[in-house]
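**Student:** The following block contains the structure, expressed as structure tokens.
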Amino acid sequence: MQTDELEIDSRGGIFNIRAVHTHDPAVRVPGKLTMNFFNGSGQWSSLVVESVFPDGGLIWDSGRISNGEASTQVVDLVFHVGRAVHVKRWRPGAFGIPGDGGGEAFFVLPEYGDVVLDISCLG
């Protein structure tokens, strides 16, 4: 078994993200994509994870997660292999209107193995 960290392009300074890819180089079979989201933003937040290339599609919408709470979603990686992924969070902004706060992250999913994505929202 081999473990690597995926490269994350995180913008806006609101996330602490770590993506770990665990795989056996001799067995190139897609496994599971586990997404763990912790909300430490001070208000409710909603995390949206979607593929953006080569085609778009929703992977996970966490719904409203209260401050200090966490949520986890596990999906089969086979439906998302090789896709570029975009992570965005929504929470109340000015006048209580939900906004993204300018934070987002991008990464590419591998074609095999398991991926665990740990996302903490800090702002």
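The values are calculated or read from the model by the stated rules, or taken from the named source; none is laboratory data. These numbers were taken from a predicted model, which means no experiment stands behind them. Quick reminder, even Gly has a Cβ in these numbers, built from the backbone with ideal geometry, and neighbours come from all protein chains shown.
**Student:** Quick one: which strands (runs of 3 or more DSSP E) sit completely within the stretch 44-123 and have at least 3 residues that are modelled with pLDDT of 95 or more and either aromatic (Phe, Trp, Tyr) or farther than 15 Å from ILE8 by Cα (or both)?
**Tutor:** 57-61, 70-76
**Student:** Does LEU6 fit the bill of being within 14 Å of VAL87 (Cβ to Cβ), touching a residue at least 24 places away in the same chain (Cβ under 8 Å) and within 16 Å of the chain's Cα centre (by Cα)?
**Tutor:** Here the answer is yes, as LEU6 does meet what is asked.
**Student:** Being over 15 Å from the mean Cα position of the chain (by Cα) and hydrophobic (A, V, I, L, M, F, W, C): is that true of VAL48 here?
**Tutor:** No: the conditions fail for VAL48.
**Student:** A follow-up question, please. Of all residues in the stretch 11-48, which are buried (at least 20 other Cβ atoms within 10 Å of the Cβ) and either in contact with a helix residue (DSSP H, G or I) (Cβ under 9 Å, 6 or more places away or on another chain) or not aromatic (Phe, Trp, Tyr) (or both)?
**Tutor:** Those that are buried (at least 20 other Cβ atoms within 10 Å of the Cβ) and either in contact with a helix residue (DSSP H, G or I) (Cβ under 9 Å, 6 or more places away or on another chain) or not aromatic (Phe, Trp, Tyr) (or both): ILE14, ALA19, HIS23, PRO30, LEU33, MET35, ASN39, SER41, SER45, LEU47.
**Student:** Condition (residue is without any contact (Cβ under 8 Å) to a residue 24 or more places away in the chain and not in a strand (DSSP E or B)) applied to the stretch 12-31: is it met by at least one residue?
**Tutor:** Scanning the stretch 12-31, I find at least one residue that is without any contact (Cβ under 8 Å) to a residue 24 or more places away in the chain and not in a strand (DSSP E or B), so the answer is yes.
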